[in-house]
Amino acid sequence: MRILLVGGGGREHALAWKLRQSAHCHTLYAAPGNAGIAELAECVPIAPKAIPELVRFAQQNAIEFVMVGPEAPLIGGVADAMREANIPCFGPSRAAAQLEGSKAFAKQLMAQTNTPTAPFAVFDDPDAARAYLKERFLERPCVVKADGEALGKGVFVCETLRDALDAVEFLMVERGLGEAGARIVIEDRLYGREMSLLCLTDGQTAQPMPPVRDYKRALDGDRGPNTGGMGCYTPLPDATPELINAAMRQIVRPVINAMAQRGTPYQGVLYAGLILQDQQPYTLEFNCRFGDPETQVLMPLLESDLVELATAVVAGKLHETPMRFSQRAAMCVVLASGGYPGEYRTGLPIEGLEQARAQQDVLIFHAGTRAENGRIVTAGGRVLNIVGLGDTLSQARENAYRALQHIHFEGMHYREDIAL
Ligand code: GLY
């Protein structure tokens, strides 16, 4: 099968690594890929959001299957465009990707399906939003969210009424995130440990992957600004089978059924961002894609053939294709550029990749890297994902942290407390 993978981060390197292990994958292209993916696939310089160019490339190169990593092309309708061109594509339609593309849509669907989530209200008018805040959140925290896609920057956890009013000003009045903030969601703040529950679904059947815990803050001890994710691990000691069953029964399946009933069936990965409060899973958000860096720990543990699973999803035959995972542990540490998630330099040479990769039970997935004059250099905020595997989480942790000691680039920083 000739496969096109859309994206160029650590998630896509992990997907490319897994796709390449399938006997069904004989040619793999990546758009745009990165220096690590280039060892597994032919990289083509097409941006993930350039949907007409992606379709043209797929048609001209007899692509038989498309796998999409990031949310932006899915929210923009890449799956619909590929299907119109008769090219099977793994990922939800534009209408179904609204579960990530619009926070208001997702919350309204949760309310309609009685999915456990924080109480909320949706606003198009800043005066009404301010009045609601003054009435309900005079003395307690809340969360203000931009409705639209905002590259992870649209969520404001507000400790005080002042913070919340500032968030409304920034989003709705100043339009600090453009049209993404024209509509907002205000919700009660929930407290507890978070987990990412990624499920494969063909629109009817849904199969959960092992839950993963993601570290979003830049610094140890969950301090510092939010990032795209600084590391993660699985399995989670607090994700009992009962808890996963409850999440599937109360959250994932009702939402998938509701999407089918409204004529916008959901196919692909449904990623439920959950928080555990009083042993009960509540939904914080849905994402319409594989998580990053969650995928970097899930793919090494996936024992089933990814091409078989993905084609079963697209064919509506997931019930015939069980998904199996190893019982081992995996953890991922992200090596980031100095200054990330703020400003950072790129083009800095990366040393020690080969030595790190030679370690046992270690995988290295590139994120922001490129090849330049025969060397690998930094090309983004999150640069590398160091994945450690082991029979226990502490072994996995030891393997990842030992391997990353070999790697160096100027300004490199990482969290030391992932999976601690
Ligand atoms: N790890 C967070 C995300 O993929 O959105």
Quiz item: What does the helix-only formula give at 222 nm for the chain: each DSSP H stretch with n ≥ 4 adding -39500 (n - 2.57), the total divided by the residues, and the result rounded to the nearest 500 deg cm²/dmol?
Solution: -7500 deg cm²/dmol
Quiz item: Spin-label point model (7 Å from Cα, Cβ direction): what's the GLN60 to GLU320 distance in nm?
Solution: 3.6
Quiz item: Taking region 59-159 as the region of interest, what is the percent of Cα-Cα pairs per 10 angstrom bin, listed from the shortest bin to the one with the maximum distance?
Solution: 13, 34, 28, 15, 8, 2
Exercise. May I ask for the percentage of alpha-carbon pairs in region 171-327 that lie more than 24 Å from each other?
Key: 40
Practice problem: Return a whole-number percent for the relative contact order of region 1-107, with Cα pairs under 8 Å and 6 or more residues apart as the contact set. | Solution: 24
Quiz item: For HIS366, HIS24, what ranking results if the residue with the fewest other Cβ atoms within 10 Å of its Cβ goes first?
Solution: HIS24, HIS366
Quiz item: Taking N as the number of residues in region 142-263, what is its Cα Rg relative to 2.2 N^0.38 Å?
Solution: 1.25
Self-check item: Distance histogram in 5 Å bins (all Cα pairs of region 278-413, percent per bin)
Solution: 2, 10, 15, 16, 16, 15, 12, 8, 4, 1, 0
Quiz item: Hey, fewest Cβ within 10 Å first, where do LEU243, LEU219 land in order?
Solution: LEU219, LEU243
Quiz item: Sorting THR295, THR205, THR27 on the 10 Å Cβ count, fewest up front, what's the list?
Solution: THR27, THR205, THR295
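Which net charge results for the neighbourhood of CYS25, defined as the other residues with beta-carbon distances under 12 angstrom from its beta-carbon, given Lys and Arg at +1 and Asp and Glu at -1?
0
Looking at the square roots a ≥ b ≥ c of the eigenvalues of the Cα gyration tensor of region 241-338, which shape do they give, rounded for a/c under 1.5, prolate if a/b is larger than b/c, or oblate? Could the numbers behind the result be given before it?
Numbers: a/c = 1.55, a/b = 1.15, b/c = 1.35.
Verdict is oblate for region 241-338.
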Quiz prompt | Contour minus Cα-Cα distance for VAL173 and ARG345 (0.36 nm per residue) | solution = 58.7 nm
Quiz prompt | Alpha-carbon centroid distance for the pair region 306-329 / region 212-250, whole angstrom | solution = 23
Quiz item: From the phi of every residue in region 353-368, what ³J(HN,Hα) in whole Hz does the Karplus formula 6.51 cos²θ - 1.76 cosθ + 1.60 yield, where θ is phi - 60° and glycine or proline is x?
Solution: 4, 5, 4, 5, 5, 6, 6, 6, 6, 9, 10, 10, 10, 6, 10, x
Quiz item: In region 29-154, with Lys and Arg counted as +1 and Asp and Glu as -1 at Cβ, which of these residues, ALA111, ALA41, GLY154, has the Cα nearest the positive end of the dipole, that is, farthest along it?
Solution: ALA111
Exercise. Could you tell me, in Å, what Rg and Dmax come out for the Cα atoms of the chain?
Key: 20.8, 61
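How big is the Rg/Rh ratio for region 121-200, C-alpha atoms only, Rh by Kirkwood, two decimals?
1.00
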Quiz prompt | For region 1-119, projected area of the alpha-carbon convex hull averaged over all directions, nm² | solution = 8.3
Practice problem: Over 29 Å between C-alpha atoms is what I'm after, so list which of LYS153/LYS317; LYS18/LYS317; LYS18/LYS103; LYS216/LYS317; LYS49/LYS216; LYS145/LYS317 land there. | Solution: LYS153/LYS317; LYS18/LYS103; LYS216/LYS317; LYS145/LYS317
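Values in this text are rule-based calculations from the coordinates and carry no lab data. These figures come from a predicted structure and were not determined experimentally. Cβ atoms come from the backbone with ideal geometry, glycine included; neighbour counts cover every protein chain shown.
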